[in-house]
Number of protein chains: 2
Amino acid sequence: MLRRADVVDGAIALLDDEGLDGLTTRKLGAALNVQGPALYRHFPSKEALLDAMADRLLEPVAAPLPDGPWDEKLALLAGRLRSALLAHRDGARVVAGTYVTGPNTRLVENTILKTLQAAGHPADRAGWAAFAISYYVLGHSIEEQAQARLSATGDWTSRKRALIQHPDPDYAHTALTKVFDADPAERFDYGIRLLLKGIRHELHHATPKTTSHRPPENRAQ
Amino acid sequence: MLRRADVVDGAIALLDDEGLDGLTTRKLGAALNVQGPALYRHFPSKEALLDAMADRLLEPVAAPLPDGPWDEKLALLAGRLRSALLAHRDGARVVAGTYVTGPNTRLVENTILKTLQAAGHPADRAGWAAFAISYYVLGHSIEEQAQARLSATGDWTSRKRALIQHPDPDYAHTALTKVFDADPAERFDYGIRLLLKGIRHELHHATPKTTSHRPPENRAQ
DNA sequence: ACCTGAACACCGTTCAAGT
DNA sequence: ACCTGAACACCGTTCAAGT
């Protein structure tokens, strides 16, 4: 007798074996000793299953944070979020695809918000800053896994070369080489700390009346 | 007689009509008055076509930037990048999926790097900061379009409610409401400026010997 | 050289029928 | 109540054959 949680667990295991493109209802059924259509007893669609998987992936991030300064807590949480997304093959794509609203997602977002507000951020700014952090983590993780996917097929080294050995003479050759040589975790951490530094600076030197960061060039559709 | 550029143009037009999931070789063939397999004269696989589409989407971003302070230039470029990703349905997903190395992608990355280096950043930090900017933009745009996709199917309002009306009493209710009420372009701009503020601060107050931002909690696989 | 037609090995999903 | 078997309407891709 198949339980809902077993389906999600099996789906994540299959994700690791086959990747997102190889995750099909037929293969998942087989892995669970059941026919494909049996999954529709537990999920109305494959997309609903992916939603459940996404929230499941964030479970480890929901663990309580140790006490400490707000920025260290957020750096830690961001690192955990990245680790959770990278812990399973194509995990970042699974989470990015679905606008998740599961319990773990809410808890994580809530933690970021409360940490920022406890540090003294007004509610509106805290909300925007919290989302900025999430987006950076998501973007970084997606690209790390895109790179991993290319490495698997052997396309990675050729693309890296294409990027680095650009004919343009004043191309920032050194910078790119350093980017690709670096430990991705360290690179990730550097970016998060840039963001946190910006938040800290805003917190201390805020001119409270000013909403005047100038509007962007154009508002997209 | 079908030209390669026509295929890419047709594919982007079809993307707008049908979305990424509806972009199939058969439909694209039909739109170009050709059978599906004819596309394989120009692209070895659908993935190769998506790569070409991704770089094509970034074409408008490659336009020259007006002179100005480095941070204003980068804010402008980031806004353009976001606009380009949002200009076509599922554009962010198309770009995120492929680790693009086309000419426009290289030019955009190159511009960010040179702008940072011209502002006085050492090469390695400039590289990391440049990627941090890209990742934030990508993550933000993906989530904006995920939201757009849910809005189309009517799932959005229910999910928004799920996020905001959380039973948890100390849930950051106000912050979340403000996030969802805000103009996405303004929210985006706020995050970019946090990042730029962090970069500027690093530039001015850097203790040049220190590589000592502490290592992250765990290095993911 | 460029494209078609048919085929192969798949998909997600529906639904009557079985137990 | 839970699952199967068969079917429907699709996919990406290959490849001989046409023009």
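The values are calculated or read from the model by the stated rules, or taken from the named source; none is laboratory data. Values in this document were obtained by computation on a predicted structure and should not be read as measured data. When we count neighbours, we look across all protein chains shown, and the Cβ atoms used for this are built from the backbone with ideal geometry, even at glycine. The accessibility values were calculated without ligands, DNA or RNA, using every heavy atom of the protein model including side chains. Shrake-Rupley method; radii C 1.70, N 1.55, O 1.52, S 1.80 Å.
Measuring label to label, 7 Å along Cα→Cβ, what does A:Lys46 give against each other copy in nm, shortest first?
1.0
Once neighbouring chains are kept in place and the probe is 1.4 Å, which whole percent of the accessible area of the protein assembly as shown is contributed by carbon and sulfur?
On the protein assembly as shown, the fraction of accessible area on carbon and sulfur atoms equals 53 percent.
What does the highest-first list of B:20-27, B:98-105 look like by mean Cβ count within 10 Å?
Result, highest mean first: B:98-105, B:20-27.
With everything on Cα atoms, drop me the angle between helix A:103-118 and the longest principal axis of chain A, reported from 0 to 90° to the nearest 10.
Once rounded, the angle reads 10 degrees.
Give, rounded to the nearest 20 debye, the magnitude of the charge dipole that chain B has about its Cα centre when Lys and Arg contribute +1 at Cβ and Asp and Glu contribute -1 at Cβ.
400
Output the Kirkwood hydrodynamic radius of chain B, Cα pairs only, in Å rounded to one decimal.
19.9
With N denoting the number of residues in region B:4-44, provide Rg(C-alpha) divided by 2.2 N^0.38 Å, to two decimal places.
1.02
Roughly how many nanometres apart are two label points built 7 Å out from the Cα toward the Cβ at A:Tyr40 and A:Glu59?
It is 2.7 nm.
Roughly what angle does helix B:4-18 make with the longest principal axis of chain B, taking Cα atoms, 0 to 90 degrees, to the nearest 10?
Value to nearest ten degrees: 80.
Roll a 1.4 Å probe over the protein chains and send me the accessible area per residue for chain A in Å².
45
Quickly estimate the mean residue ellipticity at 222 nm for chain A, helices only: each DSSP H run with n ≥ 4 gives -39500 (n - 2.57), and the total goes over all residues, rounded to 500.
-21500 deg cm²/dmol
Put a point 7 Å out from Cα along the line to Cβ at A:Leu76; what are the distances to that point in the other copies, in nm, shortest first?
4.3
Averaged across orientations, what area in nm² does the convex hull of the alpha carbons in region B:35-102 project?
5.5
Quick one: helix B:123-153 against the long Cα principal axis of chain B, what's the angle to the nearest 10°, folded into 0 to 90?
Once rounded, the angle reads 60 degrees.
In debye, nearest 20, what is the charge dipole magnitude of region A:4-44 about its Cα centre with +1 on Lys and Arg Cβ and -1 on Asp and Glu Cβ, if you could check?
280
How big is the A/B interface in buried accessible area, both sides summed, 1.4 Å probe, to the nearest 100 Å²?
The summed interface area works out to 7700 Å².
In a Debye calculation with equal point scatterers on the alpha-carbon sites of the protein assembly as shown and no solvent, what is log10 I(q)/I(0) at q = 0.06, 0.11, 0.13 Å⁻¹?
-0.25, -0.88, -1.26
Please compare each pair in A:Lys46/B:Lys46; A:Lys46/B:Lys27; A:Lys73/A:Lys178; A:Lys46/A:Lys197 to a cut-off of 31 Å on the Cα-Cα distance and tell me which ones are over it.
A:Lys46/A:Lys197, as the Cα separations exceed 31 Å there.
Shielding by partners for B:76-82, please: the mean number of other protein chain Cβ atoms within 10 Å of each residue's Cβ.
For this peptide, the per-residue mean of nearby foreign Cβ atoms is 3.
At 7 angstrom along the Cα-to-beta-carbon line, where would the label on A:Arg4 sit relative to the other copies? Give the distances in nm, shortest first.
For A:Arg4, the inter-copy label distances come out at 5.0 nm.
Going highest first, how would you order A:38-45, A:64-71, B:187-194, B:134-141 by mean Cβ packing within 10 Å?
B:134-141, B:187-194, A:38-45, A:64-71
Over all residues in A:96-105, what is the mean tally of Cβ atoms on other chains that come within 10 Å of each residue's Cβ?
5
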